Amino acid sequence: DRLMGFLRRGFNVLPLGEAVTRLRDGTLPPAAACVTFDDGYADNLTLALPVLARHEIPATIFVAPGYLDGGRMWNDTIIESVRGAAVTAIDLTALGLPRVSVGSLDEKRAAIATLLPLLKYRPLDERTRLADVIGARARATLPRDLMLTTDQLRALAADPRITIGAHTRLHPILASSMNEPAETEIRGSRQDLESTLQRPVDLFAYPNGRPDRDYRAAHVAMVRAAGFRAAVSTAQGVATASSDPFQLPRFTPWGQSMLKFSLQLARVLAG
């Protein structure tokens, strides 16, 4: 709420699609900014939308449609398994992973910090399988309401402030995928969302989003060929007239205070 109030007071906040067009045409207003969300969590509707509405802020929500209606992303499977573990340790040594203690809050935090990087860049099927094994060995009851339902997605899309973009079907690290599955993920996410919403979906966000590390030039070409008109990365920076519209920079306001956000913003603007 504080962040959106800050943006409303100090910036011209535009829908991403409009900003892309005006960046191309050279008509962006001063201090133009866009707000985006990735993945398709249910709290985009239940928590974020009321705040956006209060401040009259438009936003783009990039959805991985393979997780709609009770799905759960691999990282959330690990986090929720550790959070709700019914054991004090999870032994994964037979899988080539460490044994992690999960008895205390500090141990849980350390376990999550250990496991997530070890799985993040595995191929999609392997990553999902290992996350499920961790869930089974933790003997935790895992939530099935973290991601949007189809009805919730349609409710978001019906709000005039919200634009829905695509984020692959199942959020693979594209650079860890073979070309054909990567193209299916990119193109299929657009097809799935357009079929569900019965409207064009022409904006894309690369999963994880770091150029060369998480996606490569071949994936940029796939996004262009799939019919999108722009895409965003997580390369930190500010878009300019010379920016590639299929690799627009973004940054994430992780700071918990407005002072930290302001300093982060100043560093980004300084380039």
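The values are calculated or read from the model by the stated rules, or taken from the named source; none is laboratory data. Remember, predicted model here, so these are calculated numbers, not experimental data. When we count neighbours, we look across all protein chains shown, and the Cβ atoms used for this are built from the backbone with ideal geometry, even at glycine. What goes into the accessible areas is simple: the full protein's heavy atoms, side chains included, and nothing from ligands, DNA or RNA. Shrake-Rupley method; radii C 1.70, N 1.55, O 1.52, S 1.80 Å.
Taking a ≥ b ≥ c as the square roots of the eigenvalues of the alpha carbon gyration tensor, segment 200-271 is prolate, as a/c is not under 1.5 and a/b beats b/c. Summarising the amide proton neighbourhood of Ala140: residues at separation of 5 or more, or on other chains, whose placed amide H is nearer than 5 Å comprise Ala86. The Cβ shell under 14 Å around Ala86 holds other residues with a net charge of +3, Lys and Arg each +1, Asp and Glu each -1. Computed over neighbours whose Cβ is under 13 Å from that of Asn12, the net charge equals +1, Lys and Arg +1, Asp and Glu -1. For Phe204, nonlocal amide neighbours, meaning residues 5 or more places apart or on other chains whose placed amide H falls under 5 Å from its own, are Ala166, Ala230, Ala231, Val232.
Taking 15 Å as the cut-off, the amide N atoms of segment 146-165 that come nearer than this to a point 7 Å along the Cα-to-beta-carbon line of Arg229 belong to 163-165.
Sequence-ordered 3J(HN,Hα) estimates for segment 203-213 from the Karplus curve with 6.51, -1.76 and 1.60 and θ = phi - 60° stand at 10, 9, 10, 6, x, 6, x, 8, x, 6, 8 Hz, glycine and proline given as x. Accessible area per residue for segment 198-271 is 55 Å², calculated with a 1.4 Å probe on protein heavy atoms, without ligands, DNA or RNA. By how many degrees, between 0 and 90 and to the nearest 10, does the Cα long axis of helix 258-270 differ from the longest principal axis of the chain? Here the helix axis deviates by roughly 60 degrees.
Hydrodynamic radius of the chain by the Kirkwood approach over all distinct alpha-carbon pairs: 19.8 Å. Dividing the summed -39500 (n - 2.57) terms of all DSSP H runs of n ≥ 4 by the residue count of the chain sets its mean residue ellipticity at 222 nm at -13500 deg cm²/dmol. Element breakdown for segment 1-95 at a 1.4 angstrom probe: carbon and sulfur atoms account for 53% of the accessible area. As I understand it, the dipole of the chain uses +1 on the Cβ of Lys and Arg and -1 on the Cβ of Asp and Glu, about the Cα centre. Which of Val20, Gln236, Leu116 lies farthest toward its positive end? The listed residue farthest towards the positive side: Gln236. With a ≥ b ≥ c the root eigenvalues of the C-alpha gyration tensor of segment 3-147, is it rounded (a/c under 1.5), prolate (a/b larger than b/c) or oblate? Verdict is prolate for segment 3-147. Against the main long axis of the alpha-carbon atoms of the chain, helix 124-138 sits at an angle near 50°. Other residues lying with their Cβ under 13 Å from the Cβ of Leu118 contribute a combined charge of +3, Lys and Arg counting +1, Asp and Glu -1.
When you count the other C-beta atoms within 10 angstrom of each residue and take the mean per peptide, 151-164, 219-232, 237-250 line up highest first as 219-232, 151-164, 237-250.
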